[in-house]
1. Across region 186-217, which residue is nearest to Asn167 (Cα to Cα) among those that are among the aromatic types (Phe, Trp, Tyr) and open to solvent by less than 30 Å² (accessible area, probe 1.4 Å)?
2. I'm trying to understand the selection: among the residues of region 49-70, which are free of Cβ contacts under 8 Å to residues at least 60 places away in the same chain and open to solvent by less than 50 Å² (accessible area, probe 1.4 Å)?
3. Residue check: is Val129 within 25 Å of Ala205 (Cα to Cα), among the β-branched types (Val, Ile, Thr) and away from ligand 1 (no atom under 13 Å from the Cβ)?
4. Is region 76-88 home to any residue that is among the acidic types (Asp, Glu), open to solvent by 60 Å² or more (accessible area, probe 1.4 Å) and in contact with a helix residue (DSSP H, G or I) (Cβ under 8 Å, 6 or more places away or on another chain)?
5. Determine whether region 235-245 contains at least one residue that is in contact with a Ser or Thr (Cβ under 8 Å, 6 or more places away or on another chain) and closer than 30 Å to Cys65 by Cα.
6. Just one of (1) of a type in the set (Gly, Ala, Ser); (2) in a strand (DSSP E or B); (3) over 16 Å from the mean Cα position of the chain (by Cα) trips up Ala219, so point out which.
7. Considering region 21-75 alone, what residues qualify as being within 16 Å of ligand 2 (Cβ to nearest atom) and of a type in the set (A, V, I, L, M, F, W, C)?
8. Which of the numbered conditions does Ser121 fail, given that it passes all the others? Conditions: (1) away from ligand 1 (no atom under 11 Å from the Cβ); (2) open to solvent by 20 Å² or more (accessible area, probe 1.4 Å); (3) within 26 Å of Gly19 (Cβ to Cβ).
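The values are calculated or read from the model by the stated rules, or taken from the named source; none is laboratory data. Quick caveat, the model's predicted, so the values are computed rather than measured. FYI the Cβ positions are ideal-geometry reconstructions off the backbone, even for glycines, and counts take in every protein chain you see. Accessible surface is based on the protein model in full, side chains and every heavy atom, while ligands, DNA and RNA are left aside. Shrake-Rupley method; radii C 1.70, N 1.55, O 1.52, S 1.80 Å.
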Amino acid sequence: MNAPRSLFGNIEQVLADAGEVAALLCQRGWAERNAGNISADVTELADVADGEFDHLPLTPLESACPEMACRVMLISRSGARMRDVAKNPSVSMAAIGISADGRAYRPFQGASGGMTRPPTSELCVHLRVHQSLRARSAVQSAIVHTHPTELIALTQAQEFCEEEKLNHILWGMHPEVKVFIPEGVGFVPYLRPASEGLAEATAAALDRHRIVVWEKHGAIATGRSLAEAFDLIDTPNKSAQIYLLCRSAALQPAGLTAAQLAELKEVERFFRSFGDSA
Ligand code: 13P
Ligand code: ZN
């Protein structure tokens with residue numbers, strides 16, 4: 001039997017994006033140890049022939065994802081350090097294929113010469129979100145989960161563990177948040193990392209939002225690219241930073257007024273005309 005060929009030749013650009021985003025996550029200080037995980041649906045780029053990998057063993061999934069049947073994903077490995085993804089994405093990222101019934105996945109051999117570690121412990125979260133993106137024919141195909149320090153800090157205060165209050169602060173601290181996230185960020189109360197409950201609640205919240213904050217844990221965003229998903233976390237985290245900076249200097253931040261927020265629709269339309277907002 002021939003050794004499975006490398007898939008990575010066809011998905012170079014996505015791997016390069018993964019490396020760039022991983023470097024940014026490290027630069028922001030959001031990537032302690034193995035913090036965070038990223039994935040992209042690369043089916044159209046991966047060029048996998050029907051049945052080509054059927055001889056490779058399947059690993060059952062806890063929850064079936066029929067919309068993802070036969071899809072190919074690039075996903076960070078469990079325990080992968082973002083600093084290693086940045087240096088050599090083809091080693092720290094795994095390519096996996098979902099079975100025809102959507103009930104299992106098989107790791108494909110990649111450029112690293114084999115599956116050294118399984119996909120992220122939060123594979124169930126990524127799959128559930130990809131599944132619902134496909135179910136509603138969304139344009140997004142990439143997911144970034146990370147630990148943005150200041151957004152997490154806000155969720156230590158019960159008053160911000162609620163979408164309306166959280167968005168009021170995030171929109172009010174900087175105009176860019178309202179311009180690029182006019183629908184606001186979503187919020188998911190604390191649930192065990194890597195749990196099916198977290199996967200379900202996150203997919204539901206991401207049906208209404210492109211970025212969701214996980215109480216006392218992190219944030220997860222969807223984008224047309226990994227870079228776009230990163231930006232959706234970076235922008236509101238800047239607002240959280242400004243808010244906390246003001247508070248730690250004993251300043252009471254005024255926030256943008258309702259009229260100032262309303263007039264930002266004009267700016268939002270401007271960027272939308274370039275396709276900057278999905
Ligand atoms: P993994 O190393 O399994 O991706 O876990 C990282 C993480 O951030 C869990 O929430
Ligand atoms: Zn995490």
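1. Ranking the candidates gives Phe187 first.
2. Correct list: Gly51, Phe53, Leu56, Ala64, Ala69.
3. yes
4. no
5. No, that holds for no residue.
6. (3)
7. Val21, Ala22, Leu25, Cys26, Trp30, Ala31, Ala35, Ile38, Ile75
8. (1)
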